[in-house]
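Trainee: Sharing a structure, written as structure tokens. Questions coming.
Quick note: the coordinates plus some simple rules give every number you see, no bench work behind them. The shown structure was predicted, so the numbers you read here are calculated from the model rather than taken from an experiment. Glycine gets a Cβ as well: all are built from the backbone with ideal geometry, and neighbour counts include every protein chain shown.
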Amino acid sequence: MLLGIAGLVVIQNRQARCAAVPFLTRELLPNAALLPGEQPHMPAGWSAAAPGVELQGSAGKGFDYNHDGRALQLIGIGNYVQTPPITVQPSARYCFTGRALTDSAKRSATRLRLIFDWRDAQNRPLGVNMTDWQAVVLWQPEAPPDDWSAITGAFEAPADATMLLVQLQPASDDRVYLDAMHVQRTTDDQRPATAAQPLPLSVVDHRSPIAIAPWPNGYRAALSFSFDWETAMGGLIHSRSDDPNSTENPQARGLRMREGITTTLRLFQPLGIRATYYANGYNFLFGNPERRQFMNNPTFAWASKANGWPTNTWTTTPWFAKDPYGAIQSDRSWYFGDLIAPLQRAQQDIQSHTFSHFSGGDATTADWQRDLQTWRTVAAERNVPPARSLAFPWSRSNGMSYADWDALEAAGITSVTRTSWNPKQPQYRIVSAADPHCRPIPGHERILACPDFYLHSQETAAQALKLLDHAIAVSGTIDLWAHTEEVTSPEQIAAWGQVVRYAAQQRDAGTLWIAPLAEIADWQAAVAEVSIQESGVRSQNASDQLKFNVKNNSKQDMNGLTIMLPFKPKQVTVDGHILTPDSWLLNSTVLNLPAGQTLEVQAWPA
Ligand SMILES: [Zn+2]
């Protein structure tokens, strides 16, 4: 009798946690057994956003939780696994359970989240629910974990829902194995298994009559100009085979990188444009006669022919071995310390292209920590503040582990660019110029990844102009970049000049905000923390006045915050003070909202 009661209690707890309870609740997930279908290496009915998802577990390959010879491998921060369509009843509650494990090559645990994508009978999206990010345990040969991590989530189907798709999304490029996945109905009305409350159902095409515009001062899009700026010690001496200038003398290229400071400032200064110069560590040095050793002068085994280098030299040569240990006067291509003050005087932004110009996806987490710290140290010697923005060398963000992203976040990085764009590897892609918006890094949402476009020729200048028009059309943002060495020939300067002048025209017409990438990302992050509360009951009558509170929950003062109104205003007051007509634009009003403050806005339609 006692046993029976104890058993019952256990079953209820397992249901509350949404764990699989065989024989008691029916399996609703089609092909939960992961039986292969017509597609090779994929279970029938299952799908993925990109390559990197495949059946494993058979014949000792990979891992298998439930000993049936099958598990699913998932690789890539731009990827997800999607279940077959699950038939659901409106307003019923469903839970997903599964098991996950990572055998990350970088020895990093990672995270996953579940996305419940509800559809109606016509397969129209009704909105999504997302769980919190959930821990995925690390498998190590010398210390295997006691168990795989449980991944769970439970949500209620919206009215009209007839179908559910569950997506499993990773928060890094660490390889994950998924197994023992189940979907069941649950009658348990307690809170779902994840610690955080589920996000409210996001309804497609929901529009509030009052909205916050994405960019300040009524600008419709944001543009950043930036440069990867490297001495010979950057990507020049460490050049990869796919570098268009790889066969040239690194020192000649270093001198051109220098010259590019003069030529780009000449383009920007008359137009009052501020750009970002992504610098490596040696850019901050006046020389190195004292033979300082940086980052323990590492040797990187990944800098091999197999990974795209022309030779295997760097697999056995310490990374900074070619330092001439000289001074600027004798070795002008190796040290750019003299160029920092002129850039700062010109109000240009200096951010990180990493200290070492290493391959971020291949470097270890300890390499990252040393690199970020060393960059900060040498930058501080030239009075440059710690970097908040980082451009990945060679766009090699593919391979970033969860712990690597932790290291970037801990170092205060809030925006990244030059993330992996390789069209053959969409599983690693976070953003793309084709969809020009900065996006939070999955699992590290305080870091925004911003799309870029490589502007280095007359032909790419023409494409850049089209991209700018597109960014304006979709209220997006884009970074246009080159190496400073690529803005030195008359043709290159002409190509850049054409785009810079067009951008300045758009800015002067009130359409385009031009700012350093870090500031654009800061603004986007702060806008996401602005909330609007309508005070009192608003009638449906469009001629009635509007009264609402705007609160800036961010830590940034927001000057030029633009609020879209459902009408063209005749008068606007802020905390009772009448705004002058020039402070509102057509159908909008522009406010200065300090960090942490709330303003009460009233608007009367014209
Ligand atoms: Zn570079």
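Trainee: Just the C-alpha atoms of segment 259-354: what Rg/Rh do they give, with Rh taken as the Kirkwood radius?
Mentor: Using only Cα positions, Rg/Rh for segment 259-354 is 1.06.
Trainee: If you plug each phi of segment 591-604 into the Karplus form 6.51 cos²θ - 1.76 cosθ + 1.60 with θ = phi - 60°, what whole-Hz ³J(HN,Hα) values come out, in order, with x for Gly and Pro?
Mentor: 10, 9, 10, x, 3, x, 9, 10, 10, 9, 10, 10, 9, 10
Trainee: For the pairs Lys466/Lys555; Lys106/Lys424; Lys305/Lys424, flag any whose C-alpha to C-alpha distance is greater than 30 Å.
Mentor: Violating the 30 Å limit, Cα to Cα: Lys466/Lys555.
Trainee: On to the next question. Beta carbons within 10 angstrom, averaged per residue: use that to sort the peptides 481-490, 226-235, 314-323, highest first.
Mentor: Sorting 481-490, 226-235, 314-323 by mean packing, highest first, produces 226-235, 481-490, 314-323.
Trainee: Would you work out the charge dipole size for the chain about its Cα centre, treating the Cβ of every Lys and Arg as +1 and the Cβ of every Asp and Glu as -1, and quote it to the nearest 20 debye?
Mentor: That gives a dipole near 340 debye.
Trainee: Cβ neighbours within 10 Å, averaged per peptide: list 94-100, 459-465 in order, most packed at the top.
Mentor: Top of the packing list down: 94-100, 459-465.
Trainee: Beyond 20 Å, what share of the Cα-Cα pairs of segment 198-315 is found? Please give it as a whole percent.
Mentor: 64
Trainee: Normalised by the empirical 2.2 N^0.38 Å for globular proteins, what value does the Cα Rg of segment 2-185 take?
Mentor: After normalising by residue count via 2.2 N^0.38 Å, the value is 1.04.
Trainee: To the nearest µm²/s, what D does Stokes-Einstein give for the chain at 4 °C and 1.567 mPa s, using the Kirkwood radius over alpha carbon pairs as Rh?
Mentor: 48
Trainee: Nearest 5 is fine: what % of DSSP beta bridges in the chain come out antiparallel, could you say?
Mentor: Of the beta bridges lying entirely in the chain, close to 70 percent run antiparallel.
Trainee: Okay, next question. Which one, Thr488, Gly560, Thr354, is farthest towards the positive end of the dipole of the chain when Lys and Arg carry +1 and Asp and Glu -1 on their Cβ?
Mentor: Looking along the dipole axis, the top candidate is Gly560.
Trainee: Looking at segment 363-471 from every direction and averaging, what is the projected area of its Cα convex hull in nm²?
Mentor: 8.0
Trainee: Starting from the alpha-carbon convex hull of segment 427-581, give the projected area averaged over all orientations, in nm².
Mentor: 12.9
Trainee: Something else: Could you work out the local net charge near Ala157, counting Lys and Arg as +1, Asp and Glu as -1, over the other residues with Cβ closer than 12 Å to its Cβ?
Mentor: Once positives and negatives cancel, what remains is -1.
Trainee: Counting alpha carbon pairs within less than 8 Å and at least 6 residues apart, what relative contact order, in whole percent, applies to the chain?
Mentor: Answer for the chain is 14 percent.
Trainee: Quick one: which residues, 5+ away or cross-chain, put their amide H under 5 Å from the amide H of Gly560? H built at 1.01 Å from N.
Mentor: Those qualifying (amide H under 5 Å, at least 5 residues apart or on another chain) are Leu591, Asn592, Leu593.
Trainee: Taking amide H atoms as placed 1.01 Å from N in the peptide plane, list the residues 5 or more away in sequence, or in a different chain, whose amide H sits under 5 Å from that of Leu512.
Mentor: Long-range HN contacts for Leu512: Arg220, Arg507.
Trainee: Using alpha-carbon positions, what is the distance between the centroids of segment 75-147 and segment 388-450, in Å?
Mentor: Taking the Cα centre of segment 388-450 as reference, the centre of segment 75-147 is 21 Å away.
Trainee: Convex hull over the Cα atoms of segment 529-605, averaged projected area in nm²?
Mentor: 4.7
Trainee: Hey, can you list the DSSP H helices of the chain whose Cα span along the axis is 20 Å or longer and whose average Kyte-Doolittle score is at least -0.5?
Mentor: Helices meeting the criterion: 2-16, 250-268, 458-473.
Trainee: Helix-only estimate, please: 222 nm mean residue ellipticity of the chain, summing -39500 (n - 2.57) across DSSP H runs of length 4 or more and dividing by its residues, to the nearest 500.
Mentor: For the chain, the value works out to -6000 deg cm²/dmol.
Trainee: Give me the net charge of Ala387's neighbourhood, meaning all other residues with Cβ under 12 Å from the Cβ of Ala387; Lys, Arg count +1, Asp, Glu -1.
Mentor: Net charge in that neighbourhood comes out at 0.
Trainee: Taking the Cα centre of segment 529-605 as origin and charging only Cβ (+1 Lys, Arg; -1 Asp, Glu), how large is the dipole, in debye to the nearest 20?
Mentor: About 140 debye.
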